[in-house]
Amino acid sequence: MPHNNQVVSSVNSVVEIDAVVVGAGFAGLYMLHLLRDKLKLNVEVYDSAEGVGGTWYWNRYPGARCDIPSHHYSYSFSAELQQEWTWSEKYAAQPEILSYLNHVAERYDLLKDIQFSTRVVAAHYDATQQRWLIETDSGRRLSAKYFVPAVGTLSSANIPKFKGHGSFEGEVYFTGHWPKEGVDFTGKRVGIIGTGATAMQAIPLIAEQAAHLTVFQRTPNFAAPLVNEPMRRDVDQAAKANYPELRRQAWETFAGVPFDRLKPSALEESEEQRRAHYEACWQDGGFSLWIGSYGDILFNKEANETAAEFVRAKIRERVKDPVIASVLCPPAGQTYGTKRQPCETNYYETFNRQNVSLVDIKKAPIEEITGTGITTAGTQHEFDAIIYATGFDAFTGALFKIDIRGRDGRTLQEYWSQGPRTLVGLAAHGFPNMFTITGPQSPSVLFNMPLGIEMHCEWIADCIEYMELNGFGSIEANRKDEDEWISHVKEVADSTLLPEATSWYSGANIPGKPQVFMVYLGGGKHYKQVITEMADKGYAGFKLEQAAVADSARKVCEAL
Ligand code: FAD
Ligand code: N01
């Protein structure tokens, strides 16, 4: 993409619209609906996928499903939508969530404004025009007042480049780009790298099919059972009769999902009481143990260790071979739940199968990918297929793949070279009229994401409406307010145990990535109050400039 002045001078080939949204997942779909159908703006959405769904379009690996109950892992903005959609399982699987998002796209007639199989490659801000100049890989060039990269926090795959990368002659799969038609592993020798939430969902199902499955584990993980079940009619009816209350309760909690067993402190109870309480949470399943058991386990190491030891005992109970169990057990000193707790179904029992083996690559690291398999510390493992379940370059990966340049041509990558810099996770100084959704330094991945996405999309739409009705041409986060927000995010994070973990929350999974804790841990409810108050005060913390040129978006909004 040429520099700003050149783009302006070759304006003939540039399509003028009000807003460009990148991504057609939960965020992009709702953003389109609000900007187009509520504000009546002229909006185009782009996604490199062939269809809607985002996460749920790409992650088609066996076992992919949500870890928040389906009634919560869904949009709340429409009572009708809530009533007409019936989930078939307590925790919906990928195909069902994808069907749901397709239903939403059709119901709100969104597809006609989404260009699929098209990647946005560049977005440059032109301060004179107060517009973004955006380019796609199909060569389409757009001038838009607003740029909303709804590109997803977990959409850019982390694919480690081991020695010999690319030389394996068998089948290679990436969980985050799983083939649409599925994969049949029957009779095959399969190797899987990674033991995060993704791998833990896939491993039990692949093991049932493959001739042999070898799991390469670097760091053992604390997981708890999901306890999924077919949707009970009474549960569905109760949810549908009480959706507003269900959502209200969700907003009262830290992570946007209600749990009714939460007690203040693990240390205030006897060992016996604690064990019984952990057991009840374990039986509830999902995140009940993690964020629904005791309020202090993510703040106090001693309290945390009680939960950690409870999970270790469960692993030892479920895995028959004590040597394998010891490799699967996170060692003393590794805190529980400071990485997102994976939810599993038969994961640990899978290691009791004869056709499954575990390789501890912390002890014997992967040396090389060869034409026929993987070499670890001198041992060659032969495979027909290798699966990378190695996670994501979270928060910044997908944004950095776009050549985003703000004022004076400064790239987002340069501005964030020491870690993300945002005001409330929605905007960055030097990047006017650009809004991120569930971006770094917002509650993001530590809050029920559809609810968090709705909160952000509604805030952005309200902000745009305010700008248009008041004749503003640009809105930009103040550097000083950004500094204060970043300090606040750090201060809150440092009061917990989470920054201590080597996790993708801090960028620790990506070699060379600055390690900064990227999630706001003040809770969704408090955060919502903060951003609402900013808006109520005329977007306190932001600098608003009058429009330099008359624009169509304003006329449309004024006509409403
Ligand atoms: P995404 O769904 O990631 O969509 C982003 C879209 O942007 C993608 O389709 C991508 O192709 C597109 N895109 C990116 N860059 C470009 C570009 N340059 N040009 C064009 N298109 C581009 N969260 C929960 O709260 N609960 C859960 O249970 C849960 N389960 C999850 C399970 C898995 C396997 C994963 C990976 C994540 C899960 N998450 C969960 C997080 C999940 O990512 C969010 O809940 C939500 O789906 C994110 O929606 P989104 O629209 O923000 O981003
Ligand atoms: O990714 P991860 P994920 N050499 O980063 C290993 C959501 N999600 O896709 O731990 C060897 O957690 C890495 O090892 P280590 C959820 O938010 C939700 O599993 O870094 N191994 C780890 O074992 C989740 O937290 C669900 O030592 C390497 C694994 O690969 C997030 O997505 C399901 C390596 C990656 O684990 C990410 O989960 C799935 C290397 N170079 C995902 N690099 C639900 O249940 C990485 N690894 C809803």
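The values are calculated or read from the model by the stated rules, or taken from the named source; none is laboratory data. Keep in mind that what you see is a predicted model, and the values were worked out from it rather than measured. Using ideal geometry, Cβ is built from the backbone for each residue, glycine included, and neighbour counts are taken over all protein chains shown.
Quick grid of which residues meet (1) over 30 Å from the mean Cα position of the chain (by Cα); (2) among the β-branched types (Val, Ile, Thr); (3) within 16 Å of ligand 1 (Cβ to nearest atom):
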| residue | (1), (2), (3) |
| --- | --- |
| ASN346 | no, no, no |
| GLU349 | no, no, no |
| ASN352 | yes, no, no |
| VAL359 | no, yes, no |
| LYS362 | no, no, no |
| GLY373 | yes, no, no |
| GLN380 | yes, no, no |
| PHE383 | yes, no, no |
Handout entry: Residue check for ALA540: at pLDDT 95 or above and surrounded by 15 or more Cβ atoms within 10 Å (Cβ to Cβ)
Key = no
Handout entry: Residue that is farthest from ASN59 (Cα to Cα) [pool: residues in region 102-153 that are away from ligand 1 (no atom under 11 Å from the Cβ) and of a type in the set (Lys, Arg)]
Key = ARG131
Practice task
Output yes when any residue across region 504-514 is over 20 Å from ALA197 (Cβ atoms), within 16 Å of ligand 2 (Cβ to nearest atom) and within 23 Å of the chain's Cα centre (by Cα), and no when none is.
Solution key: yes
Completion exercise
Of the candidates ALA122, ALA92, the one satisfying the condition of being touching an Asp or Glu at 6+ places or on another chain (Cβ under 8 Å), small (Gly, Ala, Ser) and surrounded by 16 or more Cβ atoms within 10 Å (Cβ to Cβ) is ALA122
Practice task
Report yes if some residue within region 326-342 is over 30 Å from MET449 (Cβ atoms), free of Cβ contacts under 8 Å to residues at least 40 places away in the same chain, assigned to a helix (DSSP H, G or I) and more than 16 Å from ligand 1 (Cβ to nearest atom); otherwise report no.
Solution key: yes
Fill in the blank from the handout: Note: among GLU454, GLU500, just one is in contact (Cβ under 8 Å) with a residue 40 or more places away in the chain and within 30 Å of GLN334 (Cβ to Cβ), namely GLU500
Practice task
Tally the residues that are within 16 Å of ligand 2 (Cβ to nearest atom) and among the aliphatic types (A, V, I, L, M), restricting the search to region 439-475.
Solution key: 5
Practice task
Considering only region 383-406, state which residues are assigned to a loop (DSSP other than H, G, I, E, B) and farther than 16 Å from SER357 by Cα.
Solution key: ALA389, THR390, GLY391, ASP393, ALA394, PHE395, THR396, LYS401, ILE402, GLY406
Handout entry: Test set (1) within 13 Å of ligand 2 (Cβ to nearest atom); (2) of a type in the set (Ser, Thr, Tyr); (3) free of Cβ contacts under 8 Å to residues at least 12 places away in the same chain - TYR73 fails condition number
Key = (3)
Practice task
Collect the residues in region 441-481 that are in contact with a His (Cβ under 6 Å, 6 or more places away or on another chain) and more than 20 Å from ALA19 (Cβ to Cβ), keeping them in residue-number order.
Solution key: ASN448, ARG479
Fill in the blank from the handout: The lone condition GLU414 fails out of (1) farther than 22 Å from VAL516 by Cα; (2) in a helix (DSSP H, G or I); (3) more than 15 Å from ligand 1 (Cβ to nearest atom); (4) of a type in the set (D, E, K, R) is (1)
Exercise for the section: Would you tally the residues in region 154-163 being within 6 Å of ligand 1 (Cβ to nearest atom) and touching a helix residue (DSSP H, G or I) at 6+ places or on another chain (Cβ under 6 Å)? Expected result: 1
